[in-house]
Amino acid sequence: MDVLDLARLQFAVTGSLHFLFVVLTLGLAPLVAIMHTRYARTGTTLDERMTRFWGQIYVTNYALGIVTGIVMEFQFGLSWSGLTHYAGDVFGAPLALETLIAFFLESTFLGLWIFGWHRLPKWLHVATIWLVTITAYASAFWIMVANSFLQHPAGAVRDGDVLRLDDFGALLTNPSLSMALPHVLSAGLTVGGFVVMGASAYHLFRKTSDQELFSRSLRMGIWTAFVGTMMVVGFGFAQFGPVTSVQPDKFTDRPLAALGLGFMILLGHLLQLIALLLVVVVKWAPRWRFLHPLIVLVTPLPFVAAILGWIAREEGRQPWMIWERLKVADALTPGLTQAQITLSFAGFVGVLTLLAVADYVLISRIVRRGPDEIALGEKPAPAPALTF
Amino acid sequence: MEILWFGALALLVAGYFALEGFDLGVGLLLPVTADRDRAIGAVGPFVLANEVWLIAAAGVLFGAFPACEYALSANYTAVVLLLVSWVVRDAGLWFRRRLFTRAFWEWLITLGSLGVCLAWGLLLAGLAGFSFPFGLLYGLLIAALFVMHGRRFLDWRLTGVGTPLVTGALAAVPALVPLAGMAGAVIGNAAPSATLTVLTFMVLPFVPVMAGAQIWVWKAFGKGPVPAYF
Ligand code: HEM
């Protein structure tokens, strides 16, 4: 593989890994926030255990979201400096806003939530998880603004051989953004709903001790998956209008993009059907044991659909980095050597893949062990004597 | 406005060195620390709020000084080392109590912390046009300052003795010196004023929130029992 192929593959693999964790973060954050709010109101052990169990899964998933995200951010500067050179004055703005007014706050509030158990006043502690949720959605918004600019460079004018920001509002009302953003957010809800369903079904099937907790979680998962799939399919079809208005031949002569699109839609309909059937029997689903293995089995499908969606969107953009303005090949950092890209490929893809596997092992272990062994929000041991 | 944004960049980088400096220092100290649970517990609640200063600094670089981004690709190896080490350090914190043995992840925390310090030495020296060996030496100097800072932080947090303020200011010096030297070049390469105006209007209302959130972390976790999540 030459330098360009490696740089593209590096971005595609790290980006896909990043999104696998991000999409679950987006779906779980509001659910954990709702659970925590309920716990703050009722104060029952059941609500506490539920919040801590799903919160632990959320936080464990989040860890990989952060580390993969760090690599994503810096990759623009490392391997794609041609993009910054050509359009940095425009493209840099949403990325800067994402880090400053979204992720900076998200990370700070998440620390307050994780470590704030038994320390922050009850309602302030609840406020931190809502702030984490809001800032996570704000992050998604700015990243989608940046991505949409690559699909359709709205709001910029050519000035010599570079692009300049002309109309910031046009960046935010980009046709490539309007339906894609709600589509991605509902993909998050779909993933979150199916994961909550899957893990709950596992415990219900195994008849572990927390039947009530997981019955409730299963119902919450079913409702979330129902709302998520309805919206993801609705906004999915709604995307065709705006997308083809600015990228008319996006899916016509790009077989890989079309393949991704086709399978995503297939999975979308399947998931929608599953969620619809389950919502009809939501009252009995916790007791119908034959359903539970099936629910566990379909848990990975929305993740697959989400990655296929990105393949459709990004492969459909090729060979352009910025649609009909800048080619991917011309965005590559000039003078990037085979040795350099091989080094970073091995470092980023190797390390992040290993960590992603480790994280999924850990998440499935947390699910298997259940709410009895949750570190998040554990009562602190009595303070030891001050020795250091 | 260019000067304002350069100020923001310098503040974020200096803040990163002063804050993340003690996390990395404690990471470097782990092999000689008896009670590692308490040492990691002391820095734990601060790590997420500290490391994000560098992510924000990179955001300012991309948004306000995109033409300076070549600084990253021009120091490719150093930046890759920085990122991989950072990722490994973070993974050590998240997984230490949960996968394999604690010792394995503790070594990775120390190695990752060392890698970050060396990478900073190489990167900052590279920007100023110095040679590779000089960069390594500069990295070791940074590591030494961070160790001092980490030590002060643990004293202050675990026994209530002293303050990490002085070592924090010292820890920021290795970043501020090269930044000051490059100030003219960076400011001269700022994004056009249309971009800077938008950024300023969007970010300004959030500055009090960002400052408030950071202060809240210090108020909440500066005292009391050491939490045991990491
Ligand atoms: C019948 C169902 C669906 C339809 C009609 C649909 C439609 C679309 C279209 C047209 C795009 C490409 C937009 C572009 O190229 O700019 C897209 C992208 C995407 N899809 Fe779907 N989709 C469906 C189901 C799903 C499901 C179930 C998921 C995940 C749970 C998903 C996740 C995504 C993601 C993450 C993207 C990339 C970002 C975006 O463009 O929004 N989609 N989808």
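The values are calculated or read from the model by the stated rules, or taken from the named source; none is laboratory data. What you see is a predicted model, and the numbers here were worked out from it, not measured in a lab. Note: ideal-geometry Cβ built from the backbone for every residue, glycine included; neighbour counts use all protein chains shown. Heavy atoms of the whole protein, side chains included, go into the accessibility calculation; ligands, DNA and RNA do not. Shrake-Rupley method; radii C 1.70, N 1.55, O 1.52, S 1.80 Å.
Numbers below:
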| read-out | value |
| --- | --- |
| Set of lysines near residue A:283 by C-alpha distance (under 19 Å), chain-local residues within fewer than 8 positions excluded | A:207 |
| Measure of compaction for region A:3-372 (Cα Rg per 2.2 N^0.38 Å) | 1.02 |
| For residue A:321, residues with placed amide H under 5 Å, excluding near neighbours | A:326, A:327, A:328 |
| Degrees, to the nearest 10: B:36-64 long Cα axis against longest axis of chain B | 10 degrees |
| Cleavage-rule hits (trypsin sites (Lys or Arg not before Pro)) in region B:124-230: DSSP loop, at most 14 neighbouring Cβ within 10 angstrom | B:223 |
| Nearest-ten-degree value, helix A:45-79 long axis tilted from longest Cα axis of chain A | 20 degrees |
| Rounded Å value of the spacing that divides the Cα centres of region B:106-121 and region B:72-87 | 12 Å |
| Calculated over the protein assembly as shown: convex hull of Cα atoms, volume per residue (Å³) | 144 Å³ |
| Rounded percent of accessible protein surface that carbon and sulfur make up, chain A, 1.4 Å probe | 68 percent |
| Unit charges on C-beta of K, R, D, E only; dipole of chain A, Debye | 1680 debye |
| Mean-position separation - Cα centroids, region A:138-179 and region B:149-209, in angstrom | 29 Å |
| Rg ratio (alpha-carbon, reference 2.2 N^0.38 Å) - region A:1-125 | 1.35 |
| Chain A - percent relative contact order, Cα under 8 Å, separation 6 or more | 26 percent |
| Rounded accessible area per residue of chain B, 1.4 Å, Å² | 37 Å² |
| Helix A:180-206 axis, angle to chain A major axis (alpha carbon atoms, nearest 10°) | 30 degrees |
| Whole-number percent relative contact order across chain B, with pairs defined as alpha carbons under 8 Å at least 6 apart | 33 percent |
| For the protein assembly as shown, with +1 on Lys and Arg beta carbons and -1 on Asp and Glu, the positive-most of B:41, A:196, A:40 along the dipole | A:40 |
| Å² of accessible area per residue within chain A, as computed with a 1.4 Å probe and no ligands counted | 38 Å² |
| Calculated [θ] (222 nm, deg cm²/dmol) that DSSP helices of n ≥ 4 give over the protein assembly as shown, each run adding -39,500 (n - 2.57) | -26000 deg cm²/dmol |
| Loop-resident sites, region B:8-105, for chymotrypsin sites (Phe, Trp or Tyr not before Pro), counting at most 11 other Cβ within 10 Å (DSSP) | B:100 |
| Occluded residues from region A:151-184, i.e. those whose accessible area drops by 40 Å² or more once the chain is not alone (1.4 Å probe) | A:165, A:168 |
| Protein-protein interface of region A:73-91, residues with accessible area decrease of at least 30 Å², isolated chain reference, 1.4 Å probe | A:73, A:74, A:77, A:78, A:84, A:89 |
